[in-house]
Amino acid sequence: MSNLHRPVDQAMAELRPEKMAIRHLWVDEVRRVVEEYPNSEVPWYLTLSGGEGQDIQLLIEEGLISTTEVDSIAQEDQHRIVAVERNSRAIADLQRRFAGLWIKEADFQNLVRGEGQFSWPQGEDYDVCRARVVNLDLNTPLKGRRDEGRIVFPVLEWIRKLCQVHSRPPRTDWTLLLTLHGEAVWPEEVNEWTQGFLLDNMGREPYFAESCRAFLGKELCAIVTQDDGTDWTELEREVQQRLIMVMVPKIISQLVHNQGWRVRTQRNLAYGGGDVAGMTTWVLEFTSDEDAVATPDSLYRAALRDILEHAGVVDEDGTIHQHDWPDEGG
Amino acid sequence: MPGAEEFTGEIVVASRIVDYLSSGLYESPAASLKELINNSYDADANRVDVFVKPDADRIIIEDDGTGMDRGEFIKHFSRISESHKRAVSEYTPSGRPKIGKIGIGFIAANEICDVMEIVSTKPGRNQLLQVEINFDLMRQAPDLRQRGDTDLAKAHYRGRVGEAEPRRHFTQVFLKKVRGEARSILAGAGSTPYASGEKSLYGLKPESVCQELKDDKLRSWSEFDAYSKNRLEIALNVPVRYHENWLPSHLREEVLDFEKHVADLSFAVFLDGSELRKPTVFNPDGEALISRFDFQGEHVAARGYFYAQHGAIRPQELQGVLLRIRNAALGGYDSSFLGFNPSIGPLFQTWISGEIWADDRLEDAMNIDRRTLRSAHPAYVELQDALHKHLAKLISRVRTEIYGSKSRARAKQRAERVEQDIVEVSSDEVARRAPSAAEEMRGSWADAASDEKLRKKVLRKFTVAEVYGLVTAAAEGVLSEEELERLLERLTDQLLR
């Protein structure tokens, strides 16, 4: 039995302008998919919306999901959108707000069969996991740990699995909307691994290295290159946010680059801070590329190049500001 | 939930009803849902929301009733069939007569799902009850479930009591792991044994549903998909209101007290956001009437109405008589009218529909399935006899008022045509020879269609012999013998043409 009252539902219910701006970015993605794949065999949208379902409400208001005379989800659109929710009370809330909504009762972690490398969703769970747009709006930091000798970030492993699920025939291009707390709170071994990972990638792709220097700042880059390890939590929150903005799309690109996916970071944004948690959010497009299997490394480098191209900040008014790159930085 | 107080236990049933519970007590998944909705009614709920769509893999029944605490849960569930539902009172605190009797309503859920979760809180209390009932025990062999001499284990539960907002009170029932067949039937796939249609009532407002039910082309609820058919069956059973225009207004006036009685219960059920109303909707194409039934017997009392119309009532599910005890229906309409004389029955059974509210004494005749009655029970026998006597009179009235009026209408039409013919003959044939006679003819037969006595005369048919007789009688004293002879010769020529 699940917890009855959850902070995540309160967080979802908040109508902060910056969150609304991000929800509109999500709607834009779903609109693009609806126009591009009006008769898609797989759902247009998978969401972890919480009991409030504000993103679903927005899709309805924007006319992307049709409703009946009594405002329930129209039959023809009932399998266009799926909400994944494990909490019974939140399920009841969602169902009351959106009668006829397809709700998969599950913990998303269980739905994708955890972080194990050799277990994947099966049957109906498999069908649920395939969607044109997957929105993992997570009210949690990026957690990392050592598991069987390797550093694992569970959320990012779920995304690797989603890529595998979307790879199965018929291969389906998809978009990931990911939101995490902008905090880098990891055990020492994860800190060490992160440092090495950044160093390695900055060495492989000069353009990325330049972007990192310009984006993360000289102070942070100096920390990355120092020899005696580092504790990211000592950094200011804004700097931690930036670190997460760099790390997450990079690790995802690395995890999936040999599966034939071209990964484009369409949005890489920070918001919040001050009295509320600093957040990071991404719009990542996964496009099938026939050449990718033969040349995974070139795809990976291409992915690294655009990770920071669309970096920016959503301010308290909900205005999106692209990162102000210095001339020499790009 | 930090600090939550946990408890566990086992639900057992007295063996006398085990056979029923284990071998399909309910005729359909919809019947199981009806039981749960009636439980909400017994909890004084004003609103029940049932969520089934899109796939019925999880069904939610949520009400705003008085809820349940840990003690009540254990009291009601620990030993099914010895329920304490009516131990304190036959009525709910708001005055509703309780529908449930022995507490098997909740257990009805085991027919369609493997796990049931109940979340409930009572008014003014800050305790939230959360219990998960697992029905896997009942899938085991009876000897493994034997508890003592008389009881069989039915399910086991795990619960806890947490904190709730004192202002809210509700019960949420989650049916989880709904079985495959029940899922397809409840979710509305067209190709189920229960319905074959493509039309759906999903997402419609009551007025739109009413329009669908009034459609002249609709012959049976089976023309809808299974979801909609279930919806109609549930709405027929539970104590929800009538549609606004379920009867033509002049007939509706005669049954307003029944309509008000149901409305006063203040009980509304919504299925996937769409409000259920009684699917009893009549749309007569011609004459129709209402006959009220009021019976006070030694063993039972009952009241209600019968509706009759010219032509068969559609959809056919409304043909027959529907019995209600404590506002809940016993199954559907009985098209045999409790076994009315089969030689007469087929003549009228398609054009009469009745709804009867019986008093509690009939409840004793009710079988545990809540849809059939024991035919030898004195209350049933007495009600059956009273209904059949009423029906005999009603049939006679219907023949006179509905079918009789039809034949009168046809006679009037024929008389109008004859009257017109008389006008034409008098104007063409007679007026040339005897203008004043022609005028008298028209005057004599004027209003022949509307005047009942004159209508019979104008529609009279005569044999040839009668024509000779009439002419001869009319000529008496007017024509000579010779003139009469010539007239009759010419008449014969005319009749032989």
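Inside region A:102-124, can you point out the residues that are within 12 Å of chain B (Cβ to nearest Cβ) and charged (D, E, K, R)? A:LYS104, A:GLU105, A:GLU124, listed by residue number.
Scanning region B:306-328 for residues that are more than 26 Å from B:SER228 (Cβ to Cβ) and surrounded by fewer than 21 Cβ atoms within 10 Å (Cβ to Cβ) turns up just one, B:HIS310. Evaluated against (1) free of Cβ contacts under 8 Å to residues at least 40 places away in the same chain; (2) of a type outside the set (Lys, Arg); (3) in a helix (DSSP H, G or I), B:VAL240 falls short on exactly one condition, (3). Taking the listed residues A:ARG113, A:ARG146, the one that is more than 30 Å from B:ASP64 (Cβ to Cβ), among the basic types (Lys, Arg) and in contact with an Asp or Glu (Cβ under 7 Å, 6 or more places away or on another chain) is A:ARG146, with no other qualifying.
Among residues of region B:156-183 that are within 11 Å of chain A (Cβ to nearest Cβ) and on the phi > 0 side of the Ramachandran plot, those with a Cβ under 6 angstrom from a residue that is outside any loop (DSSP other than H, G, I, E, B) and among the acidic types (Asp, Glu), sequence gap 6+ or separate chain, pair up as B:LYS177/B:ASP114. In the set (1) modelled with pLDDT of 90 or more; (2) of a type in the set (Ser, Thr, Tyr); (3) over 33 Å from the mean Cα position of the chain (by Cα), B:THR150 fails one condition alone, (1). Where strands (runs of 3 or more DSSP E) sit wholly within region B:98-178, those with at least 3 residues that are over 21 Å from A:ARG86 (Cβ atoms) and aliphatic (A, V, I, L, M) occupy B:151-163. Across region A:76-92, the qualifying residues are those that are assigned to a helix (DSSP H, G or I) and of a type in the set (Gly, Ala, Ser), and the one among them that is farthest from the other protein chains (Cβ to nearest Cβ) is A:ALA90. Determine, yes or no, whether B:TYR202 is buried (at least 19 other Cβ atoms within 10 Å of the Cβ), assigned to a helix (DSSP H, G or I) and within 11 Å of chain A (Cβ to nearest Cβ). It is false that B:TYR202 is buried (at least 19 other Cβ atoms within 10 Å of the Cβ), assigned to a helix (DSSP H, G or I) and within 11 Å of chain A (Cβ to nearest Cβ).
Take B:TYR194 and decide whether it is at pLDDT 90 or above and not assigned by TED's automatic domain parsing to the domain that holds B:THR66. When the stated conditions are applied, B:TYR194 does not pass them.
Residue count for region A:61-75 under the criterion of being in contact (Cβ under 8 Å) with a residue 24 or more places away in the chain and either among the hydrophobic types (A, V, I, L, M, F, W, C) or at the interface with chain B (Cβ under 8 Å from one of its Cβ atoms) (or both): the result is 8.
Looking only at region A:254-267, residues that are on the phi < 0 side of the Ramachandran plot and either surrounded by fewer than 24 Cβ atoms within 10 Å (Cβ to Cβ) or charged (D, E, K, R) (or both) come to 9 in all.
Selection over region A:253-302 of residues that are more than 15 Å from A:ASP173 (Cβ to Cβ) and not in a loop (DSSP other than H, G, I, E, B) gives a count of 26. Per the listing B:SER407, B:SER436, the residue uniquely among the polar types (S, T, N, Q) and farther than 26 Å from B:ILE313 by Cβ is B:SER436.
To keep it simple, each residue is scored yes or no on (1) among the aromatic types (Phe, Trp, Tyr); (2) outside the structural domain of B:TYR305 (by TED's automatic domain parsing); (3) surrounded by 13 or more Cβ atoms within 10 Å (Cβ to Cβ).
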site: B:HIS390; (1), (2), (3): no, no, yes
site: B:VAL418; (1), (2), (3): no, no, yes
site: B:ARG442; (1), (2), (3): no, no, yes
site: B:ALA448; (1), (2), (3): no, no, yes
site: B:THR472; (1), (2), (3): no, yes, yes
site: B:VAL478; (1), (2), (3): no, yes, no
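Of the listed requirements (1) in contact with a helix residue (DSSP H, G or I) (Cβ under 7 Å, 6 or more places away or on another chain); (2) within 13 Å of another protein chain (Cβ to nearest Cβ); (3) small (Gly, Ala, Ser); (4) assigned to a loop (DSSP other than H, G, I, E, B), A:ALA99 misses just one: (1).
Comparison of A:GLU115, A:GLU124, A:GLU189, A:GLU183 shows that the only residue that is in contact with a strand residue (DSSP E or B) (Cβ under 6 Å, 6 or more places away or on another chain), free of Cβ contacts under 8 Å to residues at least 60 places away in the same chain and farther than 19 Å from A:GLN254 by Cα is A:GLU189. Within region B:47-62, is even one residue more than 14 Å from every other protein chain (Cβ to nearest Cβ) and at pLDDT 95 or above? No: zero hits. Evaluating B:GLU275 against the criteria (1) within 14 Å of another protein chain (Cβ to nearest Cβ); (2) on the phi > 0 side of the Ramachandran plot leaves one unmet condition, (2). All conditions in (1) over 21 Å from the mean Cα position of the chain (by Cα); (2) without any contact (Cβ under 8 Å) to a residue 24 or more places away in the chain; (3) under 27 Å from A:LEU138 (Cα atoms) hold for A:VAL239, with the sole exception of (1). Candidates B:ALA235, B:ALA268: the one that is under 30 Å from A:ALA74 (Cβ atoms) and in contact (Cβ under 8 Å) with a residue 60 or more places away in the chain is B:ALA268. Among the residues of region B:171-185, those identified as crowded, with 22+ Cβ neighbours inside 10 Å and over 15 Å from B:ASN110 (Cα atoms) are B:THR171, B:ILE185.
You will find that of A:LEU46, A:LEU58, the residue that is away from every other protein chain (no Cβ under 14 Å) and surrounded by fewer than 20 Cβ atoms within 10 Å (Cβ to Cβ) is A:LEU58 and no other. Among the aliphatic types (A, V, I, L, M) and either out of contact with any Gly (no Cβ under 9 Å at 6 or more places or on another chain) or modelled with pLDDT under 85 (or both): is that true of A:VAL314 in this structure? Considered against the rule, which asks whether it is among the aliphatic types (A, V, I, L, M) and either out of contact with any Gly (no Cβ under 9 Å at 6 or more places or on another chain) or modelled with pLDDT under 85 (or both), A:VAL314 comes out as no.
For B:SER396, the criteria (1) touching a residue at least 12 places away in the same chain (Cβ under 8 Å); (2) part of a helix (DSSP H, G or I); (3) among the polar types (S, T, N, Q) hold in every case but one, which is (1).
Each row is one residue, and each column tells you yes or no for (1) more than 40 Å from the chain's Cα centre (by Cα); (2) at pLDDT below 90; (3) more than 28 Å from A:ASP93 (Cα to Cα); (4) assigned by TED's automatic domain parsing to the domain that holds B:THR66.
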{"residue": "B:PHE135", "(1), (2), (3), (4)": "no, yes, no, yes"}
{"residue": "B:HIS156", "(1), (2), (3), (4)": "no, yes, no, yes"}
{"residue": "B:ARG160", "(1), (2), (3), (4)": "yes, no, no, yes"}
{"residue": "B:ALA164", "(1), (2), (3), (4)": "yes, yes, no, yes"}
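Residues are listed down the side, and each one gets a yes or a no for (1) of a type in the set (D, E, K, R); (2) surrounded by 19 or more Cβ atoms within 10 Å (Cβ to Cβ); (3) free of Cβ contacts under 8 Å to residues at least 24 places away in the same chain:
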residue	(1), (2), (3)
B:LEU330	no, yes, no
B:SER336	no, no, yes
B:ASN341	no, no, no
B:ILE356	no, yes, no
B:ASN367	no, no, yes
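The values are calculated or read from the model by the stated rules, or taken from the named source; none is laboratory data. Keep in mind that this is a model prediction, so the values were computed, not measured. Cβ coordinates were reconstructed from backbone atoms using ideal geometry, including for glycine residues, and neighbour counts include every protein chain displayed.
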